[in-house]
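The values are calculated or read from the model by the stated rules, or taken from the named source; none is laboratory data. Remember, it's a predicted structure, so these values are computed and weren't measured experimentally. Methodologically, a virtual Cβ is constructed for each residue, glycine included, from the backbone with ideal geometry; neighbour enumeration extends over all protein chains shown.
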Amino acid sequence: MAKIAVIPGDGAGIEVAQAGLAVLTHLNHSRQLGLAWEVFDFGAERYLKTGVALPPGQIDIFRRDYDAILFGAVGDPRVKDNAHARDILLALRFQLDLYVNFRPCRLLDDRLSPLKGKGKKELDFVVFRENTEGLYNGIGGSFKKGTADEVTIAEEISTRKGVERIVRAAFAWAKANGKKRVALADKSNAIPAHELWTRVFKEVAAEYPDIAAKHHYVDALAMQLVLTPEAFDVIVTTNLFGDILTDIGAGLTGGLGVAASANLNPDSTPLFEPVHGSAPDIAGKGIVNPTAMFITTALMLRELGHAEAAADLERAVEAAVAAGQTTKDLQGTLSTSQVTQAVLAKL
């Protein structure tokens, strides 16, 4: 029996977590998946009451006792600088060493494409974003802050181990899923340290002669994503560049309301998260799009060995979108709960 830790978090995260658990409950019973889960109240409300984002030892518990973490979203304007969000989400990513941020970018229906002449056939790629190094490590700071002479420094970290393992993950996934192209996005023409990425990419690519490997500078790749998205199957890149490119991917495939992610390490407890954030401007109004959570739940099911149930859920989501049974951001008129019921009906 697989055991799942569910962290709804804040705002929209709470609403989409409820929707995700509704479809997970249905699939668990109808397909006899043998899943069990426990809901944790880690988020702004608890932090404001206790001053503690995650209890001491909690990550060790997740690592030892749980097979997956299903995450909603964290972020609340009542918490200064969203300190609790960093202490929860970044702590989970870094301390569980979830070095792969896997982002599928697949158009669910041709009418949602913002690109003329580009539809489901052309808009279908994945991004492997390095998730534990890069510029998001908080290394650096400010000197003479608030003065005319202020200096700020942020340092980017790339290790041979970190670069090689994310590049290998991208090629291994491409081979396992019948993909023929892997692209690297770096900025080695302007950032000398990125030569490590270029060199490792070339070395690993040599081990996969049946996969076409192509190196791009990230600015050029961003342009090509908009002009010829069909040229890409798998993209591997740095933490910062992956953050940017995956938002482009979301924009090309329906917006953040359909953007799912998996944070992975085969030797640790994976975390699955829709990437739209807590959306305090629309949270609590019943209009949050649960589609990203449904796709995220499918990613989790596939990782837990339930590929057929995952495919069933993905087909149900795609059918609901095709039927126009969506929230406003996808040109529909339904509420969060109505979209959930539509997907359940398709299941």
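Taken together, ALA298, ALA279 contain a single residue that is over 25 Å from LEU184 (Cα atoms), buried (at least 19 other Cβ atoms within 10 Å of the Cβ) and without any contact (Cβ under 8 Å) to a residue 60 or more places away in the chain, which is ALA298.
The residue list THR253, THR238, THR246 contains one member that is crowded, with 17+ Cβ neighbours inside 10 Å, of a type in the set (Ser, Thr, Tyr) and out of contact with any Leu (no Cβ under 9 Å at 6 or more places or on another chain), which is THR246.
Only one of the numbered conditions (1) in contact (Cβ under 8 Å) with a residue 12 or more places away in the chain; (2) not in a helix (DSSP H, G or I) is not met by LYS285, and that is (1). All conditions but one from (1) surrounded by 23 or more Cβ atoms within 10 Å (Cβ to Cβ); (2) assigned to a helix (DSSP H, G or I) apply to GLU314; the one that does not is (1). The requirement of being assigned by TED's automatic domain parsing to the domain that holds LEU24 and touching a Ser or Thr at 6+ places or on another chain (Cβ under 9 Å) is satisfied by ALA310. Annotation note: Cβ proximity below 9 Å between a residue of the range 28-43 that is surrounded by fewer than 14 Cβ atoms within 10 Å (Cβ to Cβ) and a residue that is in a strand (DSSP E or B) and charged (D, E, K, R) (sequence gap 6+ or interchain) occurs for ALA36/LYS3; GLU38/LYS3. Residues in the range 4-12: is at least one farther than 14 Å from PRO274 by Cβ and surrounded by fewer than 24 Cβ atoms within 10 Å (Cβ to Cβ)? Yes, the range 4-12 has at least one match. Considering each residue of the range 103-112 in turn, at least one proves to be buried (at least 17 other Cβ atoms within 10 Å of the Cβ), within 27 Å of GLY254 (Cα to Cα), acidic (Asp, Glu) and over 16 Å from the mean Cα position of the chain (by Cα). In this structure, LEU299 qualifies as out of contact with any Ser or Thr (no Cβ under 7 Å at 6 or more places or on another chain) and modelled with pLDDT of 95 or more.
In the set ASP10, ASP41, ASP67, only one residue is closer than 21 Å to MET300 by Cβ, in contact with an Asp or Glu (Cβ under 6 Å, 6 or more places away or on another chain), acidic (Asp, Glu) and at pLDDT 95 or above; that residue is ASP10.
The residues of the range 130-152 that are in contact with an Asp or Glu (Cβ under 7 Å, 6 or more places away or on another chain) and within 30 Å of ALA174 (Cβ to Cβ), listed by number, are THR132, GLY134, LEU135. Taking the criterion of being under 19 Å from VAL126 (Cβ atoms) and assigned to a loop (DSSP other than H, G, I, E, B), the only residue of the range 144-177 that qualifies is ASN177. Of the residues making up the range 177-185, none is of a type in the set (S, T, N, Q) and either buried (at least 22 other Cβ atoms within 10 Å of the Cβ) or farther than 28 Å from GLU303 by Cβ (or both).
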